[in-house]
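Rule-based calculations on the coordinates, nothing more; no lab input. All of these numbers come straight from a predicted model, not from anything done at the bench. Cβ sites come from the backbone with ideal geometry, for glycine too, and all protein chains shown count toward neighbours.
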Amino acid sequence: MNRLDTWRKLFAAEVIALAISGIAGYAEEMHTDAPSHAFSIIQTYEGNWHGKIHFEQPQKEDVELTYDCPWPAEFIISPREDWIIQIQKTGSGDNTGFLYRLDSAHRVWQMQKDLKTLCFEFLGRDSNFDENAFYHTGFEELSFDAKKGLLVMTLRGSSSKKSGEGFNECLQYDLKTGEVGEATSGPESDLQREFEKVDAALNDEYKKLTAELNQREVSLLKERQRQWIKYRDNTAEGKPFFNGQHPDDPKTTMDYWKTMTSLTQERKEFLAIYSGKNVAKGISGKYTDSLGGDLEISQKGDELKFSISVVRGARAHTGQMEGTAKLSGDQAVFRDDNGPCEVTFKFSDGHIVELKGKDTGEYGEKGVSFDGLYFKTD
């Protein structure tokens, strides 16, 4: 679940995505301003939290919001300032949502039922879905689709019967008809578009790099790129499951597209230093294999102090190792004084080091390997 320490209000765009959670460190008065500053929502604490809509025009009277709660709410104002969402914490790990409508005369109506109740009524039409089988229920993501007149919501809950299981449903509320349905667009669509932009930038960087390499180097790069694409796709597909989701198709989740985007951006930056032209000379520095492994080396004479951390596979198995290797020529060797572990560092081209480990199992989870080609990044 994404956590917000402060309210994210992105009113400039047509679609606004927000992650919802509780707020820590409350003040005694909290303000949420409309984009035009025509009005603001003011929450005050007097034993419990209360809220009102305060209009800047003197002739407009404040409108009291009917809630009395131990926690402050999060308010989201639509881009056109005609809708307000109140996300209200109701307990540990639980929240719900209330919707308000503002007309051009600044009259305010509150939707009779809360958003979570409406969503559960929709999901409950499936006889296999039982609201009572879940706890820690609430909204993770909400966004206004102003063009389509929709409020898009991600509702989640944890199973009370089996640890690590639950549900994560992307739904939409039609602001015109008042009906809840399965989302036809959502936050993951925006993330997919963001990925496509980053992926196009990666392709440009790849073309630029291949133009600088000879035929043999291009062949090696192509093979390494294929390995990386397999690594990226497998990691992204496994991310939702690693975070406790069980989607039929990982590509319908935000976790999938966030991972695809972040790994693609990292790869773009990696290709920019791949040739070694833009990194400092010498052994000391930071290295990456662009496959989940990071290495840092500090040289002092023939001693190389190093630390390695890796994340491998769709299940994100980790490994960590540090020590001092003895350098001789273009090769350094680390031997564990307390065990059979041995790691060889082979340096080449002034910015690449190849790691080969033996008996390194005690330094990582099952199946974790530190082996590979690491490229200097600074």
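Going Cα to Cα from Lys148, which aspartates and glutamates come in below 16 Å? Please leave out same-chain ones fewer than 8 positions away.
Leaving aside aspartates and glutamates fewer than 8 places away in the same chain, those within reach of Lys148 are Glu14, Glu81, Asp82, Asp174, Glu179, Glu182, Asp190.
In a Debye calculation with equal point scatterers on the alpha-carbon sites of the chain and no solvent, what is log10 I(q)/I(0) at q = 0.10 Å⁻¹?
Each listed q corresponds, in turn, to -0.81.
Could you give the Stokes-Einstein D for the range 297-378 in µm² per second, using the C-alpha Kirkwood radius, 25 °C, 0.890 mPa s?
Working: Rh = 13.2 Å.
Estimated via Stokes-Einstein, D reaches 186 µm²/s.
For the chain, set up a GNM with springs between Cα atoms under 10 Å and report which of Glu140, Glu131, Glu217 has the largest fluctuation.
Most flexible of the set in this elastic network: Glu217.
Could you work out the per residue convex hull volume over the alpha carbons of the range 189-273, in cubic angstrom?
Working: hull volume 6.8 nm³, N = 85.
Spelled out: Cα convex hull of the range 189-273, divided by residues, is 80 Å³.
Taking the chain as the reference, fit the longest principal axis to its C-alpha atoms, fit the long axis of helix 187-210 to the helix C-alpha atoms, and give the angle between the two in degrees, 0 to 90, nearest 10.
30
Relative to the first principal axis of the alpha-carbon coordinates of the chain, what is the inclination of helix 215-242, with its axis defined by its Cα atoms, in degrees from 0 to 90 and to the nearest 10?
40
What FRET efficiency comes out for Gln110 versus Gln265 if R0 is 41 angstrom and r is the Cβ-Cβ distance? Round to the nearest 0.05. Don't skip to the end; give the middle numbers.
Details: r = 42 Å, r/R0 = 1.03.
Approximately 0.45, to the nearest 0.05.
Does anyone have the angle between helix 254-273 and the longest principal axis of the chain? Alpha-carbon axes, 0 to 90°, nearest 10?
On a 0 to 90 degree scale, this one is about 40.
Can you give the FRET efficiency for Gln227 and Glu81, using 1/(1 + (r/R0)^6), R0 = 41 Å, r = Cβ-Cβ distance, to the nearest 0.05?
0.25
Under a point spin-label approximation (7 Å from Cα along Cα-to-Cβ), what is the Ser92-Ser36 distance to one decimal in nm?
Label at Ser92, label at Ser36, 4.5 nm between them.
From the cross-link list Lys207/Lys277; Lys60/Lys147; Lys305/Lys346; Lys230/Lys268; Lys305/Lys326, which pairs have alpha carbons spaced over 21 Å apart?
On the way: Lys207/Lys277 17 Å; Lys60/Lys147 29 Å; Lys305/Lys346 15 Å; Lys230/Lys268 16 Å; Lys305/Lys326 9 Å.
Going by Cα-Cα distance, Lys60/Lys147 fall outside the 21 Å limit.
Order these peptides, 275-283, 72-80, by their mean beta-carbon neighbour count within 10 angstrom, highest first.
On the way: 275-283: 13.1, 72-80: 21.4.
Result, highest mean first: 72-80, 275-283.
Under a point spin-label approximation (7 Å from Cα along Cα-to-Cβ), what is the Lys358-Asp302 distance to one decimal in nm?
2.0
When the expected Rg is taken as 2.2 N^0.38 Å, what fraction or multiple of it is the alpha-carbon Rg of the range 15-184?
On the way: Rg = 16.6 Å, N = 170, 2.2 N^0.38 = 15.5 Å.
Rg over 2.2 N^0.38 Å, computed on Cα atoms: 1.07.
If you average the C-alpha positions of the range 291-362 and of the range 252-275 separately, how far apart do those two centres end up, in angstrom?
24
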